[in-house]
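Below is one structure; the comments refer to it alone.
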Amino acid sequence: MKDEALRIIEDVLSKGRKALVEYEAKQVLKAYELPVPNEKLAKTLDEALEYAKEIGYPVVLKLMSPQILHKSDAKIIALNIKNEEELKKKWEEIHENAKKYRPDAEILGVLVAPMLKPGREVIIGVTEDPQFGHAIMFGLGGIFVEILKDVTFRIIPIEEKDAWAMIKSIKGYPILAGARGEPPADMKALVDMMLKVSKLVDDLKDYIKEMDLNPVFVYNEGEGAVVVDARIILK
Amino acid sequence: MEMPKIVEELKPFFEPKAVAIIGATNKKGKVGNVIFENFKRNKEQGIFKGNIYPVNPKLDEIEGYKVYKSVKELPDDTDLAVISIPAPFVPATMKEIAEKGIKAVIIITGGFGELGEEGKKLEREIYEIAKANGIRIIGPNCVGVYVPDTGVDTVFLPEEKMDRPKSGPIAFVSQSGAFAAAMLDWAALAGIGIGKMVSYGNKIDVDDADLMDYFIYDDQIKVVTFYIEGVKDGRKFIEAAKRITKVKPVIALKSGRTEYGAKAASSHTGSLAGADVIYDAVFKQTGIIRAEDFEHMFDVAKAFAKCKLPKGDRIGIITDGGGAGVMASDAVAKFGLKMAQLSEETLKFLKENFPPHAVAGNPTDVVGDTDAQRYKIAIEGFVNDPNVDAILVIVLFQVPLLNEMEIIDILAEYAKKSEKPIVAVAMGGKKTEYYAKLLEEKGVPVYPTPERGVRALAGLVQYAKYLEKVEGE
């Protein structure tokens, strides 16, 4: 667990970087058994085609560059690619967009990922406070976090009861509990994820400065949750 | 339960055998004079039982007390030193204190870390002497300690300018000395009993966590209140807070609520995490009740000091005025509590014993022609109703047929014998204030508005729920 995560972190640090790209961040999360999609980093178009076949269409392409952390601003994500033809086209497109956005962008590869079915969006984050150390944040994604700032924090490490209290304390809780006839979301999966994030950060507190799992898709009760995008900033 | 060493270490601050007042003087109004006068007065009144040793190289005696030229000359029973000499002289005095073997020091003097790097250097010097010699320090830059029962009073605001509160089960800890003094003065007026007050100023040594650990074992103290500006060792604070809240409630007023993370952060989470939300998280996680303002803090503290803990969050309201009942019901919703659904038996009991124009329900309105006995019926009904967890009784003392002393005795009797918390609300002017005070003296917390009464109950409910969760583990 820790060794595997540490290996990825040391590797990034050795390259003089402080920010993990999505692929690296997800490898760290995976080391702690957090649910990440079955996705692969393709260095070449041929590899991308091969992985897409393995994963099964439709797929998503996300270009990985340490210089471009805001992927949607740079238009280097291509969603819902249905076949090889489309993949080839999008491969070119996102590479061109990357060059336009940051001519000096170093490209580590392209993440080939399955097109996930949409779920309710939540954010799980980590920040470090100078007095109290690392804190974990939970909230609903999208406008809830952007505009309403409907989030809650606890100091790491957290216990199971803290995780439940966090979920229940946000104003948007009814959305997870099942509002307007919707079935409840898999909150148990969220609690499990928060506890794993807490353990990960507690183990690696000397390395990690901040972290966003944003968004996390949470599905209906019993169907789990998955980290769609992730960012880790090192100290 | 084995007592941690902090209890032994802090004991001389609260009940010293002999106190050395370093910088004592006969110049009226000087810090060293006010502190000396405080101890002298309390000694004369038989409250302070220890010895008082003024220290000043320039004096032989102050008001009949022998003055010691230096710390070296002090008698060996000295176990507390209170320092009010200028900051640059403190390190040398600390060395003498260490040689003398005194283990508890209150440094009132300002002019240290709060002024910048030079002062911080002095602080480090003092702290190192203390550390090496097992000395505990409260301060510097503080008003120190006030304990009404033992007569320790280092608050350098003279008695003719600042009243001292009576003793009671509330401990009050304040980083700010000015706030501490103002609160003591106010508590005296409001009739709030403070068992121990500590103001630690720059807290180079004894901090919030140490005091929390001490208060766990202090049987006099039932509830601890904190005014906090900042915590230095966050982890130590969290651990100590978790320990004490298992045993007694802690209420904190943290200033800087509006300060929102303006710091540069490269993640979403970082940009959302102002210092204040982190304190919120810490308080929630450790079961500390966060107060909005000082009124809130002492309103809740008063409820803890006088009430039993509720078993749930269902509130029953009794009133003799409809409007006040509505205000209380609104507050119940506002503070996340529930209105109790009275049982059929209770409703039947109330209707059978009420005149037709009184309203049985929640709120129950005994209406404006009530006498004390009608209140008694309502309270009896609510106390026996399994659907009611806590009771708010609004008494508008102004109504014509209500015998004030009779209703006060009834409330006091039920507050004592019932397993449920009972708080009272009395709205009005001078006359109401008079009766409210009498009622408080008989053990029932009284609030001037329904909202504040309900908010105090919400504090009890919050803590009861926290305990339930912790004990469930």
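The values are calculated or read from the model by the stated rules, or taken from the named source; none is laboratory data. Since this is a predicted model, take the numbers as computed values, not measurements. Note that each Cβ is placed from the backbone with ideal geometry, even for glycine, and that neighbours are counted across all protein chains shown.
Points to keep in mind about this one:
Per-residue answers, yes or no, for (1) within 17 Å of B:MET183 (Cβ to Cβ); (2) aromatic (Phe, Trp, Tyr); (3) modelled with pLDDT of 95 or more; (4) crowded, with 19+ Cβ neighbours inside 10 Å:
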| residue | (1), (2), (3), (4) |
| --- | --- |
| B:LYS263 | no, no, no, no |
| B:SER266 | no, no, no, no |
| B:GLY270 | no, no, no, yes |
| B:ILE278 | no, no, no, yes |
| B:THR286 | no, no, yes, yes |
| B:MET297 | yes, no, yes, yes |
| B:ALA305 | yes, no, yes, yes |
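- Members of the stretch B:1-24 found to be loosely packed, with under 14 Cβ neighbours inside 10 Å, within 25 Å of the chain's Cα centre (by Cα) and of a type outside the set (A, V, I, L, M), listed by number: B:LYS5, B:GLU8
- Of the residues making up the stretch B:302-336, those that are aliphatic (A, V, I, L, M) and either over 19 Å from B:VAL444 (Cα atoms) or more than 21 Å from the chain's Cα centre (by Cα) (or both) are B:ILE315, B:ILE317, B:ILE318, B:ALA324, B:VAL326, B:MET327, B:ALA328, B:ALA331, B:VAL332, B:ALA333.
- Test: residue in the stretch A:189-208 that is over 30 Å from A:GLU10 (Cα atoms) and part of a strand (DSSP E or B): no
- Any hit, the stretch A:105-127, residues being under 15 Å from B:ILE278 (Cα atoms) and either more than 10 Å from chain B (Cβ to nearest Cβ) or among the charged types (D, E, K, R) (or both): no
- When the stretch B:218-258 is filtered for residues that are more than 21 Å from B:VAL461 (Cα to Cα) and in a loop (DSSP other than H, G, I, E, B), the ones remaining, listed by number, are B:ASP218, B:ASP219, B:GLN220, B:GLU229, B:GLY230, B:VAL231, B:LYS232, B:ASP233, B:SER255, B:GLY256, B:ARG257, B:THR258.
- Test: residue in the stretch B:398-415 that is assigned to a loop (DSSP other than H, G, I, E, B), closer than 28 Å to B:ILE288 by Cβ and among the β-branched types (Val, Ile, Thr): no
- Checking each residue in the stretch A:119-141 for being assigned to a strand (DSSP E or B) and either closer than 13 Å to A:PRO157 by Cα or touching a Cys at 6+ places or on another chain (Cβ under 9 Å) (or both) picks out A:VAL126, A:THR127, A:GLU128, A:GLY133, A:HIS134, A:ALA135, A:ILE136, A:MET137.
- Residue within the stretch A:161-174 that is over 23 Å from A:VAL227 (Cα atoms), within 14 Å of chain B (Cβ to nearest Cβ) and either part of a strand (DSSP E or B) or under 22 Å from the mean Cα position of the chain (by Cα) (or both) present: no
- Qualifying positions in the stretch A:8-30 - without any contact (Cβ under 8 Å) to a residue 40 or more places away in the chain and surrounded by 13 or more Cβ atoms within 10 Å (Cβ to Cβ): A:ILE8, A:ASP11, A:GLN27, A:LYS30
- Considering the stretch A:128-152, the residues that are at the interface with chain B (Cβ under 7 Å from one of its Cβ atoms) and in contact with a Lys or Arg (Cβ under 9 Å, 6 or more places away or on another chain) include one that is nearest to B:GLY230 (Cα to Cα), namely A:GLN131.
- Subset of the stretch B:228-246 (residues that are basic (Lys, Arg) and within 8 Å of chain A (Cβ to nearest Cβ)): B:LYS232, B:ARG235
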